[in-house]
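Each reported figure results from applying straightforward, stated rules to the coordinates on display, with no laboratory input. This structure is a prediction, so every number in the text was calculated from the model and none was measured. All Cβ positions, glycine included, derive from the backbone under ideal geometry; neighbour counts span all protein chains shown.
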Amino acid sequence: MSMAATQVVRSEWTKIRSVASTVWTLGLAVVVTLALGMLIAALSKNEYDTMDERDRLAFDPTFTSFAGMSLGQLAMIVFGVLVVANEYSSGMIRTSLAAVPRRGTFLFSKVAVATLLALVVSMVTSFAAFFLGQAMLGHLKASIGDAGVLRAVIGGGLYMTLITMFSMGVAAMLRSPMLSLGILMPFFFLISNILGSVDATEKVGRFLPDQAGSKIMQVVPPLDDDTPYGPWGGLGILALWVVAALLGGYLVLKRRDA
Amino acid sequence: MIEAVGLTKRYGDKTAVHNLSFQVRPGAVTGFLGPNGSGKSTTMRMILGLDNPTAGHVTISGHPYRQLPNAPRHVGALLDAKAVHGGRSARNHLLSLAQLSGIPARRVDEVLGVVGLQEVAGKRSKGFSLGMGQRLGIAAALLGDPQVLLFDEPVNGLDPEGILWVRNLMKALAAEGRTVFVSSHLMSEMALTADHLIVIGRGQLLADMSVTDFISANSADFARVRTPGTEPQAREKLTSALTEAGGHVMPEQDGALRVTGLPLPRISDIAHEAGVRLWELSPHQASLEEAYMRMTQGVVDYRSTDDQKAGLHQVPPPGAGPAVPVPGQGQPGWYAPPPPQQGGPLFAPPPGPYGAPQPNPYAQPAPQGQGPGQPAAAPVTADRTEPEDPR
């Protein structure tokens, strides 16, 4: 890393740790993911007895403990959006770019710092969600040593990190926190689910970032699974989305007036 | 040294800056003047490489900003006092900027002391007043101890003590051999602070000259002479006598005469010889503000209109109709004509207030009316003759 990039990274770390929204969004992501995961795990344990044979065969204790991520990722998205788009909404971007005329260095240092922080929080959250969830599942629980489980738990951390990066790229393209959240929130909370649950659009829907990426957290595949990619393939599709969003954000920042 | 050559910026079909060329030299405070929306901030952003010019280029010390080695140590700028994250404390805001440029953290406390914000350094900038925000922005500009400083409207929102402080700070920075470029829409402020002036209107250069030249070109001394209001013929008699003696006389709206080119005792003598009594004979200096207003009055984009308060009032009682407006008075965008030595068709007073039959001695260009400012102000000749916004 060049001298300049080291300086930008230090500066971005100061920026990120000195605003309250960092603690709030990341804290909310952890709490929501863990609490909802434990709740769903406890409910699933009670429901297991009334399930039929097919559902029991497809029961995935690991994936069940990650149920809270569907909501927790929204807080991570808010974190990613605010880190980037607050520069625009506050006007700080002009001060920042006047100090770092090389805009690529600026954007990617910012993304790197936020990503590193998101990675640490996501990994801790993913492992905690797994162990707490398994504790709630009682006799149904999976062990971290079981085949594919460790991959799923680490994958859960990577998934949340990549989703955060994706939202940073989108925010860099749209340059407004309200616009970015207005698009990302309904997309991840509603549209992706709707597309994925309708037969006609399911084949398209499973290539969307969250659906493809969450494949890595499954240990027991669904019974009639015809997904054309595996766990790492799915994460790769999510990574491609991330690269595209960040590249788009970089081009917008490079080309447009600040 | 900041050098702009043919700088042009268009947003769609709106031209914000048109073919602007100027130099800002080190060791002086250069004032950048223009009405609201005249392109000052756009020019500042282009200097800092934030906006790309549509045409032309601007360099600092010979480099475009984005190619400048170690730009934040070389150039410091205050663009917008509110451009900080409100949730971040003043110290952390400055610390993040210092780290960007590899400036040691103790420098942050130094500049906080310079701008007088030590007391609130740990407070979130959200709660800062505009004046405190300006001080924070100035602190950010001073961080890297830069050789080139840009300030966009630095005295906005400052109290009188703060204005004086900024004024002295600018002068001190320039005295140390730095390049100081300060934008403002207040001529009176720039007259006290700046050594050199660059005036723009609607994105075009109106004047580029030293403050001394600007003053000598625009604020000639004049004498105000008032004859008894009951004797209009005495006024005309005196006008012709003074003109004959080589003076320049221009009527003012309230019936007084503005005389230049003659010392006060001589005016008194001439009046005495002509047998005209005087009610007033006083020395005056036209203000720079007035000269600036006159220079930019054709290029003001945002001009207020009279507040008619239509529909807010009951029908006025009979006989209390609206006052008949006096031509030339109380109308927005009209300023007193220049002192006579600036005469010529450019500055011909608008018809009306002086009565049609009165001979206008300034209908012909005054031969000695070429002040030093005239050539530089030439590019907007066409604009200046039509004070109303054509759009």
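Which of A:64, A:111, A:223 sits farthest toward the positive end of the charge dipole of chain A, with +1 on the Cβ of Lys and Arg and -1 on the Cβ of Asp and Glu?
A:111
Hey, with R₀ at 51 Å, roughly what FRET efficiency would residue B:61 and residue A:35 work out to, going by the Cβ-Cβ distance, to 0.05? Please list the in-between numbers first.
On the way: r = 58 Å, r/R0 = 1.13.
After rounding, the FRET efficiency stands at 0.30.
Region A:26-82 to region B:103-160: how many Å between their Cα centroids?
Cα centroid to Cα centroid, the span is 48 Å.
Whole angstrom only: what separates the Cα centroid of region A:185-229 from the Cα centroid of region B:195-235?
Each part reduced to its Cα centre gives a spacing of 75 Å.
With r as the distance between the Cβ atoms of residue A:183 and residue A:53 and R0 = 45 Å, compute the FRET efficiency 1/(1 + (r/R0)^6) and round to 0.05. Kindly include the intermediate steps, with their values, before the conclusion.
On the way: r = 42 Å, r/R0 = 0.94.
It comes to 0.60.
Past 26 Å, Cα to Cα: identify those pairs from B:9/B:82; B:40/B:123; A:254/B:82; A:254/B:126; A:15/B:123; A:110/A:254, in the order given.
Working: B:9/B:82 24 Å; B:40/B:123 32 Å; A:254/B:82 24 Å; A:254/B:126 29 Å; A:15/B:123 15 Å; A:110/A:254 15 Å.
Among B:9/B:82; B:40/B:123; A:254/B:82; A:254/B:126; A:15/B:123; A:110/A:254, the Cα-Cα distance tops 26 Å for B:40/B:123; A:254/B:126.
What residue among B:84, A:155, A:205 has its Cα farthest toward the positive end of the dipole of the protein assembly as shown, where the charges are +1 on Lys, Arg and -1 on Asp, Glu, each on the Cβ?
A:155
I'd like the FRET efficiency for residue B:119 and residue A:20, computed as 1/(1 + (r/R0)^6) with the beta carbon distance as r and R0 of 22 Å, rounded to 0.05.
On the way: r = 22 Å, r/R0 = 0.99.
After rounding to 0.05, the efficiency reads 0.50.
So if I place +1 on the C-beta of Lys and Arg and -1 on the C-beta of Asp and Glu, and nothing else carries charge, what would the dipole magnitude of region A:3-255 be about its Cα centre? I want it in debye, nearest 20.
Working: 18 positive and 15 negative charges, 322 e Å.
Around 1540 debye, computed over region A:3-255.
Apply the Karplus parameterisation 6.51 cos²θ - 1.76 cosθ + 1.60, with θ equal to phi minus 60°, to every residue of region B:100-116 and state each ³J(HN,Hα) to the nearest whole Hz, in sequence, with x for glycine and proline.
4, 9, x, 8, x, 4, 5, 4, 4, 5, 4, 5, 4, x, 4, 8, x
To test your reading of the geometry: what angle, between 0 and 90 degrees and rounded to tens, separates the Cα axis of helix A:3-17 from the longest principal axis of chain A?
60
Once a ≥ b ≥ c are taken as the square roots of the eigenvalues of the Cα gyration tensor of region A:3-255, is the result rounded (a/c under 1.5), prolate (a/b larger than b/c) or oblate (a/b not larger than b/c)? Intermediate results must be reported in sequence, preceding the final value.
Details: a/c = 2.34, a/b = 1.84, b/c = 1.28.
Prolate, since a/c reaches 1.5 and a/b exceeds b/c.
I want to check the label-to-label distance for residue B:240 and residue A:251. Put each point 7 Å from Cα in the C-beta direction and report it in nm to one decimal.
Inter-label distance under the simple model: 7.9 nm.
For the protein assembly as shown, what is the calculated [θ] at 222 nm in deg cm²/dmol (nearest 500), taking -39500 (n - 2.57) for each run of four or more DSSP H residues and dividing by its residue count?
On the way: 25 runs with 311 residues, N = 649.
It lands at -15000 deg cm²/dmol.
If the cut-off is a Cα-Cα distance under 20 Å, which aspartates and glutamates reach residue B:237, setting aside same-chain residues fewer than 8 apart in sequence?
Answer for residue B:237, where 20 Å is the Cα cut-off: B:252, B:254, B:269, B:273, B:280, listed by chain and number.
About its Cα centre, how strong a charge dipole does the protein assembly as shown have in debye, to the nearest 20, once Lys and Arg get +1 and Asp and Glu get -1 at the Cβ?
On the way: 52 positive and 51 negative charges, 260 e Å.
Dipole about the Cα centre, nearest 20: 1260 debye.
Sort out for me the Cα centre separation of region B:242-286 from region B:52-82, rounded to whole Å.
Each part's Cα centre sits 52 Å from the other's.
How do B:30, B:42, A:105 line up, fewest other C-beta atoms within 10 Å first? Walk me through the intermediate numbers first.
Details: B:30 26, B:42 21, A:105 17.
Ranking B:30, B:42, A:105 by Cβ neighbours within 10 Å, fewest first, gives A:105, B:42, B:30.
How compact is the protein assembly as shown by the rule of thumb for globular proteins, expressed as Cα Rg over 2.2 N^0.38 Å? Provide the component values of the computation, followed by the final result.
Values: Rg = 34.8 Å, N = 649, 2.2 N^0.38 = 25.8 Å.
Against the compact-globule rule of thumb, the ratio is 1.35.
How would region B:129-174 be classified by its alpha-carbon gyration tensor: rounded, prolate or oblate, with rounded meaning a/c under 1.5 and the a/b versus b/c comparison settling the rest? Don't skip to the end; give the middle numbers.
Details: a/c = 2.20, a/b = 1.39, b/c = 1.59.
It is oblate, given that a/c is not under 1.5 and a/b is not larger than b/c.
If you count, for every residue in B:87-96, the Cβ atoms of partner chains within 10 Å of its Cβ, what is the mean? The partial results should precede the final answer.
Values: counts 8, 9, 2, 0, 2, 5, 5, 1, 5, 14.
So the per-residue partner count for this stretch is 5.
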